1. Helix hunt in the chain: which complete DSSP H runs extend at least 20 Å axially by C-alpha with mean Kyte-Doolittle at least -1.0?
2. Taking amide hydrogens as modeled 1.01 Å from N in the peptide plane, which residues meet the under 5 Å criterion relative to Leu168, leaving out close sequence neighbours?
3. Could you provide, to the nearest whole Å², the per residue accessible area of segment 236-292 with probe 1.4 Å?
4. Where a Cα-Cα gap under 28 Å defines reach, which lysines qualify for Lys245, not counting those fewer than 8 residues away within the same chain?
5. Need one number: % antiparallel among DSSP beta bridges in the chain, to the nearest 5.
6. Please sort 34-41, 240-247 by packing, taking for each peptide the average over its residues of neighbouring beta carbons within 10 angstrom, highest first.
7. Ignoring ligands, DNA and RNA, what percent of the accessible area of the chain is carbon or sulfur (1.4 Å)?
8. Among Thr159, Thr141, Thr181, which one moves the most in a GNM of the chain with springs linking Cα atoms closer than 10 Å?
Amino acid sequence: MSAPTAQNAGNAGNAENTETAGNTKNTASARASLEALRAEIAKAVVGQDPAVTGLVVALLCRGHVLLEGVPGVAKTLLVRALAASLELDTKRIQFTPDLMPSDITGSLVYDARTAEFSFQPGPVFTHLLLADEINRTPPKTQASLLEAMEERQVTVDGTPRPLPDPFLVAATQNPVEYEGTYPLPEAQLDRFLLKLTVSLPSRDDEIRVLTRHAEGFNPRDLQAAGVRPVAGPADLQAAREAVAKTSVSPEIAGYVVDICRATRDSPSLSLGVSPRGATALLSTARAWAWLTGRDYVIPDDVKALALPTLRHRVQLRPEAEMEGVTADSVITAILANVPVPR
């Protein structure tokens, strides 16, 4: 093959510069669109910025989210507002003790006219699946989500069927009511990228909630509340590609590993973070770095996402739990003790 001429080289250089400029513009546009989500969701949900950010991070990392909070803190409304702001399809499943796996994945239905079985997709075939009170259904039904969450497909009658992209499971659970519930097993908890705590609002935020309702706000009508799509699948894809290019130094990778290994040696924990958890922390830190405008990860990014990424991947010893120790307090102590790279 002959060497390129000077003119060809110049043309190639100009094309490359144009492509780079276009990619930069697309990336900046995607970041601006995702940042606009906060303001859009705030039209419906008051004072839950950390949960909103966590959901966006999960979308960028192709992960799933477990939302934990007492009833009435707008967990369901938060997911619905996110879907409306992103122009994504969303479906809701109310998990109950009599829910069957086929009620989630779909099933084969006999058609008497054709004398054949046809597949009827279940609600899992959507972009954003709200699994409401997931711990109220038995383990067999909970497990029907495992393949969907990990492989992004469901297998019915031996035939794998791919799910739409993007696909995110946002599951909710009540942390204070245990009667009639089935705690999620460790294997399924580990499939959730983040566990977000949806807390009670502050006094000022609660006053704002009541004021909105007094002015006629209807949480079941997001369109009337002014929630409009501000981003779409194209923005999400551009953002994911940019996050994948966010650089990670060997020192940062070592910092993530040291944090996760410290959980395995903690006397308060009977189960520490697995290598999958370390990979998850690195992924969420990269997404957070990109959202804040950087193309490289710093230790503060790791610290910012450590609690929501790791809190559900550790297990407290009974004696530590009786003493009032929490997973968050153990991880916070580890972050304070693990040396930070310079």
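The values are calculated or read from the model by the stated rules, or taken from the named source; none is laboratory data. The shown structure was predicted, so the numbers you read here are calculated from the model rather than taken from an experiment. A quick note on method: Cβ atoms are made from the backbone with ideal geometry, for glycine too, and the neighbour counts reach across all protein chains shown. Each accessible area value is taken on the protein alone, full model and side chains, heavy atoms only, with ligands, DNA and RNA left out. Shrake-Rupley method; radii C 1.70, N 1.55, O 1.52, S 1.80 Å.
1. Membrane-span-like by this rule: 6-41, 250-265, 275-291.
2. Amide H neighbours of Leu168, under 5 Å, 5+ apart: Leu128, Leu129.
3. 42
4. Lys25, Lys195, Lys303
5. Bridges in the chain that DSSP calls antiparallel: roughly 40 percent.
6. Peptide ranking by packing, descending: 34-41, 240-247.
7. With neighbouring chains kept in place, the figure for the chain is 53 percent.
8. Thr159
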